[in-house]
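The structure under discussion appears below in the form of structure tokens.
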Amino acid sequence: MSTISRRGLMLVLSSPSGAGKSTLSRLLTDTDANITMSVSATTRAKRPNEVDGRDYFFVSPARFTEILVEGAFLEHATVFGNQYGTPRKPVEDALASGRDVLFDIDWQGTQQLEQTAKDDLVRVFILPPSRDELERRLRTRAEDSAEVVAARMAKANDEISHWAEYDYIIKNDDVARAHLELQSILSAERLKRRRQTGLVDFVNTLTRS
Ligand code: ADP
Ligand code: 5GP
């Protein structure tokens, strides 16, 4: 029987829309076999390049309410007029089996996880290098209309105002460096003593005379 030597952690990425959460999430999950992305449910319309079940579970408002009433969301929030929620079961299963989970969620969801899962939580806020660059990224992503881009820029101040509620801050100027910084945070957090649940038995084998 294999023993679980470490409890999984919950790595949360938040930022104003367009700062690079999805890009960094993809890089991290592509290069680290022990972290998986939490796939949220949303009532937002699917973007052309998105895949149902990979990027989000795209659900109707009625279905979202059903899941909410069942208590099957770990956290949920309304962002830009759409509802978003994290399905509870995949996260709990992953953590219990020592796998880490990556979340791309906003400050409201992060605050809820802080209430319910403080010890498992590592919060990272991604800042863009400048406001102009943030707008440029939202435009060049070319997945949203000009109105949606304008709405997201208008909401950027709101999201950024929560930066000090996070444990780590990464300025996503150069994407390779930001990726490296994120990997460093994950490596260090995995080594935290309280997460290494198998350590007592191991240390006992070292001190047995
Ligand atoms: P978010 O998930 O935070 O909304 P995305 O990851 O979708 O942001 O990034 C928005 C756009 O900016 C995408 O087109 C992405 O390719 C680009 N981008 C992300 N990081 C960088 C970076 N460091 N330099 C230049 N462009 C970037
Ligand atoms: P987008 O529509 O660009 O994919 O996401 C918009 C915002 O919703 C982003 O700030 C993203 O982090 C947030 N978001 C996505 N999924 C969830 C979720 O399950 N819960 C919460 N609280 N926010 C989410």
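Less than 30 Å apart at the alpha-carbon level, and either on another chain or at least 8 residues along: which lysines does that give for residue 118? By straight Cα distance, residue 118 reaches 21, 89, 155, 171, 192. Residues whose amide H comes within less than 5 Å of that of residue 74, counting only those at least five positions distant or on another chain, are 86, 88 (H built at 1.01 Å from N in the peptide plane). Mean residue ellipticity at 222 nm, helices only, the chain: -13000 deg cm²/dmol; runs of at least 4 DSSP H residues each add -39,500 (n - 2.57), and the sum is divided by the number of residues. Full extension of the chain segment joining residue 5 with residue 180 gains 60.5 nm, where the gain is 0.36 nm per residue of separation less the Cα-Cα distance. Just so you know, the Cα atoms of region 1-155 work out to an Rg and Dmax of 16.1, 56 Å. Would you please state which residues of region 172-186 a label at residue 136 would reach in this model, taking the label point 7 Å out along Cα→Cβ and a backbone N cut-off of under 16 Å? The answer is 172-176. Build a GNM of the chain with springs between Cα atoms under 10 Å apart, and of 34, 49, 82 the one that fluctuates most is 49. Taking the centroid of alpha carbons for each part, region 46-66 and region 140-209 are 25 Å apart. If R₀ is 22 angstrom, what is the calculated FRET efficiency for the pair residue 111 and residue 34, using the beta carbon separation as r and rounding to 0.05? E between residue 111 and residue 34, to the nearest 0.05, is 0.25. Looking at 64, 142, 94, which one has the Cα that reaches farthest to the positive end of the dipole of region 26-161 (charges on Cβ: Lys, Arg +1; Asp, Glu -1)? The residue sitting most towards the positive pole is 142.
If a/c stays under 1.5 just call it rounded; otherwise compare a/b with b/c (prolate if a/b is bigger, oblate if not). Do that for region 1-63, with a ≥ b ≥ c from the square roots of the Cα gyration tensor eigenvalues.
prolate
Each label point was placed 7 Å from the Cα along the Cα-to-Cβ direction; for residue 46 and residue 158 their separation is 2.7 nm. The angle between the Cα long axis of helix 107-116 and the main principal axis of the chain comes to about 30°, on a 0 to 90 degree scale. Charge tally for residue 194 (other residues, Cβ to Cβ under 13 Å; Lys, Arg +1; Asp, Glu -1): +4. In the chain, the longest principal axis of the Cα atoms and the axis of helix 175-190 are about 40 degrees apart.
Can you give the % of DSSP beta bridges in the chain that are antiparallel, to the nearest 5? Approximately 30 percent, going by the DSSP bridge assignments.
The translational diffusion coefficient of region 97-188, from Stokes-Einstein at 37 °C and 0.692 mPa s with a Kirkwood hydrodynamic radius over alpha carbon pairs, comes to 220 µm²/s. A straight chain from residue 199 to residue 187 at 0.36 nm per residue would run longer than the Cα-Cα distance by 2.6 nm. Could you give the angle, 0 to 90 degrees to the nearest 10, between helix 21-31's Cα long axis and the longest principal axis of the Cα atoms of the chain? So the helix axis and the longest Cα principal axis differ by about 40 degrees.
A short reminder: the numbers here are calculations on the coordinates, not readings from a lab. Remember, predicted model here, so these are calculated numbers, not experimental data. FYI the Cβ positions are ideal-geometry reconstructions off the backbone, even for glycines, and counts take in every protein chain you see.
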